[in-house]
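S.K.: First, the structure itself, so that you have it in front of you.
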Amino acid sequence: RIIICWMSREMRKQSVKYTQKLEDDIKKKTSEIKKQKDTIETLFEKSSDGILIIEDGKFIQCNERNVEMLHYHSKEDLLNTRPSELSPEFQPDGRRSDEKSEEMIALALEKGSHQFEWVHTKANGENFLAEITLTPIILNSRNVLHVVWRDISEKKKAQDALIEQKDIL
């Protein structure tokens, strides 16, 4: 009987130690995951490029850079809109923005990624040229498009000026 009591007490001690170790491991892992999450959120928000997520043809998530580039007041102004709604009716090649955006999405899905130039319209009605990269990804078990926008208006103006100077020479 004494042996059984002693064994029972030892088993409880081992159980308490094991439970404490599990709790410590869980706390450590939770802390590591939170740090990773915070890092990823910071990278997303502080990127110099606009980053968006498209699901079913609409923007469902974006970073602050998009709000700045488009001169909107908040992210909510951009969410649940389609790319063509933030664009002039026609792109420089004469194609309708809504038709061309569907084609660009289809190309990204087909090729695994697609990069192209696109004219967007700011909230004040001013157009600007952006380099767009569409990449299909799986996010929270859903198929979405990761979108990166880079304003290349100034770069394009500089290139055009160089071409003009070359033609003059």
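The values are calculated or read from the model by the stated rules, or taken from the named source; none is laboratory data. Nothing here was measured: the structure is a model prediction, and the numbers come from that model. Don't worry about glycine lacking a Cβ; one is built from the backbone with ideal geometry, like all the others, and counts go over all protein chains shown. Accessible surface areas use protein heavy atoms only, side chains included; no ligands, DNA or RNA. Shrake-Rupley method; radii C 1.70, N 1.55, O 1.52, S 1.80 Å.
S.K.: With every protein chain present, what accessible area does residue 60 have (1.4 Å probe, heavy atoms only), rounded to the nearest 10 Å²?
M.R.: Accessible surface of residue 60 is approximately 60 Å².
S.K.: Right, something else. In debye, nearest 20: dipole of the chain around its Cα centre with unit charges on the Cβ of K, R (+) and D, E (-)?
M.R.: Numbers: 28 positive and 31 negative charges, 375 e Å.
For this selection, approximately 1800 debye.
S.K.: Could you give the angle, 0 to 90 degrees to the nearest 10, between helix 153-168's Cα long axis and the longest principal axis of the Cα atoms of the chain?
M.R.: That works out to roughly 40 degrees.
S.K.: Shifting gears a bit: Specify whether the C-alpha gyration tensor of the stretch 88-169 places it in the rounded, prolate or oblate class, a ≥ b ≥ c being the square roots of the eigenvalues: rounded for a/c under 1.5, otherwise prolate if a/b is larger than b/c and oblate if not.
M.R.: Numbers: a/c = 2.29, a/b = 1.95, b/c = 1.17.
Judged from the Cα gyration tensor, the stretch 88-169 comes out prolate (a/c at least 1.5, a/b above b/c).
S.K.: Once a ≥ b ≥ c are taken as the square roots of the eigenvalues of the Cα gyration tensor of the stretch 42-82, is the result rounded (a/c under 1.5), prolate (a/b larger than b/c) or oblate (a/b not larger than b/c)? Could the numbers behind the result be given before it?
M.R.: Details: a/c = 2.25, a/b = 1.32, b/c = 1.70.
It is oblate, given that a/c is not under 1.5 and a/b is not larger than b/c.
S.K.: While we're here: Once neighbouring chains are kept in place and the probe is 1.4 Å, which whole percent of the accessible area of the chain is contributed by carbon and sulfur? Working shown, then result.
M.R.: Numbers: 6570 of 11980 Å².
About 55 percent, which is the carbon plus sulfur part of the accessible surface.
S.K.: May I pose another question? Whole-Hz Karplus ³J(HN,Hα) for the stretch 84-97, in order, using 6.51 cos²θ - 1.76 cosθ + 1.60 and θ = phi - 60°, x for Gly and Pro?
M.R.: Rounded to whole hertz, the list is 5, 6, 9, 9, x, 4, 10, 8, x, 7, x, 7, 5, 4.
S.K.: Looking only at Cα atoms, what is the convex hull volume of the chain per residue, in Å³?
M.R.: In the chain, the Cα convex hull volume per residue is 184 Å³.
S.K.: Also, I was wondering about something else. Mind telling me which of 136, 83, 92 comes out most flexible in a GNM of the chain, alpha-carbon contacts under 10 Å?
M.R.: 92
S.K.: Taking the Cα atoms of the stretch 126-169, what is the range of coordinates along each of the three principal axes, in descending order and whole Å?
M.R.: For the stretch 126-169, the Cα extents along the three principal axes come out at 57, 22, 9 Å.
S.K.: Starting from the amide H of residue 51, placed 1.01 Å from N in the peptide plane, find each other amide H under 5 Å away whose residue is 5 or more places distant or on another chain.
M.R.: Placed amide hydrogens put 63, 65, 66, 149 under 5 Å from residue 51.
S.K.: Okay, next question. Show the residues, 5+ positions off or on another chain, whose built amide H is closer than 5 Å to the amide H of residue 90.
M.R.: Close amide H contacts, sequence-distant or interchain: 97.
S.K.: Give the accessible surface of the chain per residue, rounded to a whole number of Å², with probe radius 1.4 Å and ligands, DNA and RNA excluded.
M.R.: Numbers: 11980 Å² over 169 residues.
Per residue, the chain has an accessible area of 71 Å².
S.K.: I've got another one for you. Please work out the Cα convex hull volume for the stretch 1-54 and give it in Å³ per residue. If you can, show how the numbers build up before the last one.
M.R.: Values: hull volume 3.0 nm³, N = 54.
Considering the Cα atoms of the stretch 1-54, their hull volume per residue is 56 Å³.
S.K.: Just tell me the longest site-free run in the chain, where the sites are GluC sites (Glu not before Pro) in a DSSP loop having at most 13 other beta-carbon atoms within 10 Å.
M.R.: Formally, the longest exposed-site-free interval is 1-88.
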